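K.L.:
This is the structure, below, for whatever I ask next.
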Amino acid sequence: MTELINSLAQGVLIGGLYALFAAGLSLVFGIMRVVNLAHGDLIVTGSFMTFATVSMLGLPLWLAVLIVLPMMGLLGYVLQRGLLNHTIGTDVLPPLLVTFGISIILQNGLLQIFTADNRKLDFGAIEVMSLQMGPVAMGWYAILVFAVAVATIYGLQFLSYRTRLGRVLRATTDDPEVARVMGVRTDHVFGIAMAIALVICGIAAILFAAWTSFTPLSGPSRLLIAFEVVVIGGIGSIWGTLAGGITLGVAQALGGYLDPAWQTLAGHIVFVIILALRPAGILGGRR
Amino acid sequence: MTALLETRNLDAFYGDFQALYGVDVKLEEGQCVALIGPNGAGKTTLLRSLVGWVPVARETVLLNGQPIGGMGPDKIVSLGIASVPEGRRLFPSLTVDENLLMGTESGRAGPWTLDKVMEVFPALRDRRRHRGSDLSGGQQQMVAIGRALMSNPKVVLFDELSLGLAPTIVNDIARALPLMRDNGISIVLVEQDVRRALAMSDYAYCILEGRINLQGVSADLAFEDIEKAFFGAEA
Amino acid sequence: MSGYSITRISRYHYAVGPALLLVLAALIALPGFADKATLRLATEMAGYMALAIMWNLLAGYAGVMSIGQQAFVGAGGYAIFMLAGSAGLPLIPSVVAAGVIAAALAIPVGYILFRLNGAYFAIGSWVIAEIFLLITAQSDRLGAGSGLSFPTAVAKTFGKSDERAALFWWIALAVAVVAIATAYLWLRSSRGLALTAMRDDESAAAGLGVDVVRNKFAVFLLAAAIAGMVGAVLFLGKLRISPTSAYDINEWTASIIFIVVIGGIGRLEGAIIGTLVFFGLRSYLADFGSYYLMALGVIAIVMMLKMPKGLWGFVYDRTGIEIFPMRRNIVRSGEGRP
Ligand SMILES: Nc1ncnc2c1ncn2[C@@H]1O[C@H](COP(=O)(O)OP(=O)(O)OP(=O)(O)O)[C@@H](O)[C@H]1O
Ligand SMILES: [Mg+2]
């Protein structure tokens, strides 16, 4: 019983991280109508950037954060303006295929640079410390990850609804054509949106790099998680991503509790069931 | 003397389909010009060409004599041409205030503020926190006009001001036009209701199948001539 | 107003039919003059071509963006190992049955996926393929994670190793021909015209409403059936199957997308050219490993941006040549054929 509660708690906490995976994907889809198939590989790229700065260059973690997040943002802006903006139109095929191409390039590029070895960051003592609450033990690192995730999502919510940039982003989401006649440079706004998405990916990438090990080929599984969370939480809903992330995390934890081999499968199956029963997501319809 | 806004031999295309053929229209400073014509004549296309929604050749649209044809819409609005698009097209997930503030994205300085828009359209006062999609048609039109004004324009292009609105509400909204002209704004007006269009404008152009086939000072145009123009020469 | 008729035929097309038959005859006779390695390569090419034809039909015409076709390839592969392998059923009916099983699986899958549109359909289809993989890897009867070997005793009943190669080639060729023929006939049928109309002009097809969804669903089932048969024959050739090879997205979907993009999306001929280019590149460059794959990614992106209609689209726009005529020429009667 304690074991079950522990793994459920773990599932809730990792749900925060999954929400971070999803938030960027959701943002980009909302504004550009592009599903970025390289999303997972970009997260893994962030993890490798952190790995390179911390483990290979030996820089302190806080400095790595200050390097990786801006680099991810820059990468997002450049990628969007240099490549993805040219694919946006009525046809969904070009952006899909171009991001698929980017995914393959990133995977193989990372393989060339970092080999196929398993990597993991070591954040030291915090990874093993845990908070005992009655029979339940929760790792401090997991709690920290969840807190960062909630704070990030809150920040994204604040940005969207309390700032000028957020207003412009939402207007562009609603109607990019009219936004342009209002004076919005949508190309630039798309670049900014991708930059924000990749900064969020970067936060998730750093946190996840110390959660489990990763390889250059870990991207697709991250993408699938992000995608499932977006669909479960309801497309376009910011807090929905948190609900979706927790749902998926708990489903995986339950599956894994029954049989370790069922962990991933349980997540997929919950996704399919929700898709079949509530196609608009669990917080369906709200934006 | 150069007109404020003018088209010269303007052609416009949707893919292979040509929607406008050699259109010449002129808007003088402080004027209100009406565009009338049957459905599908090309009125919206003409406005779209002016704001950069439809790609056209550079020298075919002139603002103060400077060629601006085919510039991006974001650039054109920053030069002072604002529009109230067909179907109003508010941003549905933004509140009234936020919709109005989108007008400021043009980056132009000027007298228009949220408070001033509320003075022109008092009906919006207690709706400021509502979403655009929660408003009545008339209120939406007011927001669309307010949004254009917030960009401090020299010219406002109206497409189908009265479409789908009750006559009393149209009168409420139309009161804004003289007010705008007092503030030095020139107006291009597309309107289905020919009598109303003539009453509100100084000069009118009649478009049929992408060509101007009648024009004149609004007060001098006879309704019968316009009717004839609507159905083409042979009719 | 009389005096117009619509035809798909222009003059050189009278030569196309006989030429195709000649090519087909030569391909059937291939085992007479090619060695075993060549036959194996040809078998693989035929399978890829069939998958590419179907993916082209899905994405290029029907607007169904599946990146989970590996689900059906893998299912077909496992089906043949169970039917012809474990149960010892006759080979050809087993291959057909593999296609039927894949199509049957596509019914519930499509039921769920068709709730998602556009790009969301794409990732959804991938999730489904992952579910297939994970379930297969859990199933002891299917050899769990390590997979199955085709029973040698059964394989021997198909003949000696080069006879087997010939037999598998003929099956693969038959599957490819069926894929091309059904795709072609489909596109020329009224349903196909509706699809093409939808691709060419959304508004013209907007009135087609619910019929469009059914039409897409039917193409999805057809593509699943072909994928199942391709999986069956290609894994027969390998005599081994495992979850990761059976449901490999890179092998069964990424390569196929590459083929279609290079050859020309929305053109049946594109799949054929694309297959030749892909195998050409692979035979020269595959030794470069990840650099080769990165190059494929770069080529695909550049093609998509600079030559979105692919090689065949490029050729077609300049020459108007079609092997499988889809274009409808308007012919004024009395003027004769153009
Ligand atoms: N996006 C488009 N693509 C192709 N053709 C278009 C498009 N928009 C308009 N057209 C065509 O261009 C022509 C002119 O249309 P336009 O919308 O300018 O007419 P209008 O005078 O504004 O008519 P209405 O009174 O119905 O608003 C019509 O024949 C129309 O079918
Ligand atoms: Mg119009």
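K.L.:
Please work out which one of (1) in a helix (DSSP H, G or I); (2) away from chain C (no Cβ under 14 Å); (3) in contact with a helix residue (DSSP H, G or I) (Cβ under 9 Å, 6 or more places away or on another chain) is the condition A:Trp62 fails and give its number.
P.N.:
Going through the list (1) in a helix (DSSP H, G or I); (2) away from chain C (no Cβ under 14 Å); (3) in contact with a helix residue (DSSP H, G or I) (Cβ under 9 Å, 6 or more places away or on another chain), A:Trp62 breaks only (3).
K.L.:
Select from the range C:80-95 the residues that are loosely packed, with under 13 Cβ neighbours inside 10 Å and over 25 Å from the mean Cα position of the chain (by Cα) and list them in ascending order.
P.N.:
If the condition is that a residue be loosely packed, with under 13 Cβ neighbours inside 10 Å and over 25 Å from the mean Cα position of the chain (by Cα), then C:Ala87, C:Gly88 are the ones that fit.
K.L.:
Something else: What are the residue pairs meeting all of these: first residue in the range B:19-48, first residue without any contact (Cβ under 8 Å) to a residue 40 or more places away in the chain and over 15 Å from B:Leu4 (Cβ atoms), second residue within 11 Å of ligand 2 (Cβ to nearest atom) and of a type in the set (S, T, N, Q), Cβ atoms under 9 Å, and 6 or more apart or on different chains?
P.N.:
Between residues of the range B:19-48 that are without any contact (Cβ under 8 Å) to a residue 40 or more places away in the chain and over 15 Å from B:Leu4 (Cβ atoms) and residues that are within 11 Å of ligand 2 (Cβ to nearest atom) and of a type in the set (S, T, N, Q), the close pairs are B:Asn39/B:Gln192.
K.L.:
Now, a different point. Which of the numbered conditions does C:Ile321 fail, given that it passes all the others? Conditions: (1) assigned to a helix (DSSP H, G or I); (2) among the β-branched types (Val, Ile, Thr); (3) more than 14 Å from every other protein chain (Cβ to nearest Cβ); (4) over 18 Å from the mean Cα position of the chain (by Cα).
P.N.:
Single failed check for C:Ile321: (1).
K.L.:
Here is a further query. Hey, any hits in the range C:260-267 for a residue that's over 30 Å from C:Pro151 (Cβ atoms), surrounded by fewer than 16 Cβ atoms within 10 Å (Cβ to Cβ) and modelled with pLDDT of 80 or more?
P.N.:
Checking the range C:260-267: not a single residue is over 30 Å from C:Pro151 (Cβ atoms), surrounded by fewer than 16 Cβ atoms within 10 Å (Cβ to Cβ) and modelled with pLDDT of 80 or more.
K.L.:
Does B:Leu157 fit the bill of being more than 14 Å from chain A (Cβ to nearest Cβ), within 16 Å of ligand 1 (Cβ to nearest atom) and either more than 20 Å from B:Ala204 (Cα to Cα) or buried (at least 23 other Cβ atoms within 10 Å of the Cβ) (or both)?
P.N.:
No: the conditions fail for B:Leu157.
K.L.:
What tally of residues in the range B:26-55 results from selecting those that are in a strand (DSSP E or B) and within 16 Å of ligand 1 (Cβ to nearest atom)?
P.N.:
Counting residues in the range B:26-55 that are in a strand (DSSP E or B) and within 16 Å of ligand 1 (Cβ to nearest atom) gives 4.
K.L.:
Of the conditions (1) within 16 Å of ligand 2 (Cβ to nearest atom); (2) in contact with a Pro (Cβ under 7 Å, 6 or more places away or on another chain); (3) more than 8 Å from chain A (Cβ to nearest Cβ), B:Trp53 clears all except one; give me its number.
P.N.:
(3)
K.L.:
Additional query: Which of (1) modelled with pLDDT of 90 or more; (2) within 12 Å of ligand 1 (Cβ to nearest atom); (3) outside any strand (DSSP E or B); (4) surrounded by fewer than 19 Cβ atoms within 10 Å (Cβ to Cβ) is the odd one out, the single condition B:Tyr21 does not satisfy?
P.N.:
(3)
K.L.:
Hey, among the residues in the range B:56-78 that are within 14 Å of another protein chain (Cβ to nearest Cβ) and either closer than 25 Å to B:Met200 by Cα or part of a helix (DSSP H, G or I) (or both), which one's nearest to ligand 1 (Cβ to nearest atom)?
P.N.:
B:Pro73
K.L.:
Please enumerate the residues belonging to the range B:34-50 that are surrounded by 24 or more Cβ atoms within 10 Å (Cβ to Cβ), over 13 Å from B:Phe13 (Cα atoms) and more than 10 Å from ligand 2 (Cβ to nearest atom).
P.N.:
B:Ala34, B:Ile36, B:Leu50
K.L.:
Moving on to the next point. Within the range B:122-130, does at least one residue satisfy the condition of being touching a strand residue (DSSP E or B) at 6+ places or on another chain (Cβ under 6 Å) and either more than 13 Å from every other protein chain (Cβ to nearest Cβ) or at pLDDT 90 or above (or both)?
P.N.:
The answer is yes, given that some residue of the range B:122-130 is touching a strand residue (DSSP E or B) at 6+ places or on another chain (Cβ under 6 Å) and either more than 13 Å from every other protein chain (Cβ to nearest Cβ) or at pLDDT 90 or above (or both).
K.L.:
Step by step: first the residues of the range B:80-99, then only those that are under 17 Å from the mean Cα position of the chain (by Cα), more than 7 Å from chain A (Cβ to nearest Cβ) and buried (at least 19 other Cβ atoms within 10 Å of the Cβ), then the one that is nearest to A:Ile31 (Cα to Cα). Which residue is that?
P.N.:
Here the residue is B:Leu90.
K.L.:
Of all residues in the range A:212-263, which are in a helix (DSSP H, G or I) and closer than 14 Å to A:Gly40 by Cβ?
P.N.:
Across the range A:212-263, the qualifying residues are A:Gly219, A:Pro220, A:Ser221, A:Arg222, A:Leu223, A:Leu224, A:Ile225, A:Ala226, A:Phe227, A:Glu228, A:Val229, A:Val230.
K.L.:
Taking the conditions exactly as written (at pLDDT below 90 and buried (at least 22 other Cβ atoms within 10 Å of the Cβ)), does B:Gly70 satisfy them or not?
P.N.:
Criteria not met by B:Gly70.
K.L.:
Sticking with this one: How many residues are farther than 20 Å from A:Ile102 by Cβ and touching a Lys or Arg at 6+ places or on another chain (Cβ under 9 Å) if we restrict to the range A:209-231?
P.N.:
Qualifying residue count, the range A:209-231: 5.
K.L.:
Could you check the range A:125-149 and list, in sequence order, the residues that are assigned to a strand (DSSP E or B) and of a type outside the set (Val, Ile, Thr)?
P.N.:
Residues satisfying the conditions are A:Ser130, A:Leu131, A:Gln132, A:Met133, A:Ala137, A:Met138, A:Gly139.
K.L.:
Need the failing condition index for A:Gly183 against (1) away from chain B (no Cβ under 14 Å); (2) outside any helix (DSSP H, G or I), just the number.
P.N.:
(1)
K.L.:
Ok, one more. Here are the criteria: (1) under 19 Å from A:Asp174 (Cα atoms); (2) within 14 Å of another protein chain (Cβ to nearest Cβ); (3) of a type outside the set (Val, Ile, Thr). Tell me which single one B:Leu114 does not satisfy.
P.N.:
Answer for B:Leu114: the failing condition is (1).
K.L.:
Further question: Has the range A:197-215 got at least one residue that is at negative phi, within 14 Å of chain B (Cβ to nearest Cβ) and surrounded by fewer than 24 Cβ atoms within 10 Å (Cβ to Cβ)?
P.N.:
No, that holds for no residue.
K.L.:
Mind listing whichever residues of the range B:4-32 are within 16 Å of ligand 2 (Cβ to nearest atom) and away from every other protein chain (no Cβ under 14 Å)?
P.N.:
Passing the criteria: B:Ala12, B:Ala19, B:Leu20, B:Val23, B:Val25.
K.L.:
Also: It is to be established whether one or more residues within the range B:134-152 are part of a strand (DSSP E or B), more than 16 Å from ligand 2 (Cβ to nearest atom) and either within 14 Å of chain A (Cβ to nearest Cβ) or touching an Asp or Glu at 6+ places or on another chain (Cβ under 7 Å) (or both).
P.N.:
Scanning the range B:134-152, I find no residue that is part of a strand (DSSP E or B), more than 16 Å from ligand 2 (Cβ to nearest atom) and either within 14 Å of chain A (Cβ to nearest Cβ) or touching an Asp or Glu at 6+ places or on another chain (Cβ under 7 Å) (or both), so the answer is no.
K.L.:
Name the residues in the range A:121-161 that are modelled with pLDDT under 85 and under 16 Å from A:Trp211 (Cβ atoms), would you?
P.N.:
Hits for the range A:121-161 are A:Leu121, A:Asp122, A:Phe123, A:Gly124, A:Ala125, A:Ile126, A:Glu127, A:Val128, A:Met129, A:Ser130, A:Met138, A:Gly139.
K.L.:
Right, here's the next one. Return the residue satisfying two criteria in turn: it lies in the range A:148-170 and is more than 24 Å from B:Met102 (Cα to Cα) and touching a residue at least 60 places away in the same chain (Cβ under 8 Å), and of such residues it is surrounded by the most Cβ atoms within 10 Å (Cβ to Cβ).
P.N.:
For the range A:148-170, the residue satisfying everything is A:Ala149.
K.L.:
Shifting gears a bit: Check whether at least one residue in the range C:268-289 is without any contact (Cβ under 8 Å) to a residue 24 or more places away in the chain, assigned to a helix (DSSP H, G or I) and buried (at least 18 other Cβ atoms within 10 Å of the Cβ), and report yes or no.
P.N.:
So far as the range C:268-289 goes, no, none of its residues is without any contact (Cβ under 8 Å) to a residue 24 or more places away in the chain, assigned to a helix (DSSP H, G or I) and buried (at least 18 other Cβ atoms within 10 Å of the Cβ).
K.L.:
Do we have B:Gly164 as exposed (fewer than 14 other Cβ atoms within 10 Å of the Cβ), within 16 Å of ligand 2 (Cβ to nearest atom), more than 15 Å from the chain's Cα centre (by Cα) and closer than 27 Å to A:Asp174 by Cα here?
P.N.:
In short, yes.
K.L.:
Now for a different question. Any idea which of A:Leu75, A:Leu20 is under 20 Å from A:Leu224 (Cβ atoms), more than 11 Å from chain C (Cβ to nearest Cβ), modelled with pLDDT of 90 or more and part of a helix (DSSP H, G or I)?
P.N.:
Unique residue meeting the criteria: A:Leu20.
The values are calculated or read from the model by the stated rules, or taken from the named source; none is laboratory data. Keep in mind it's a predicted model, so treat the numbers as computed, not measured. All Cβ positions, even for glycine, are placed from backbone atoms using ideal geometry, and neighbour counts span all protein chains on display.
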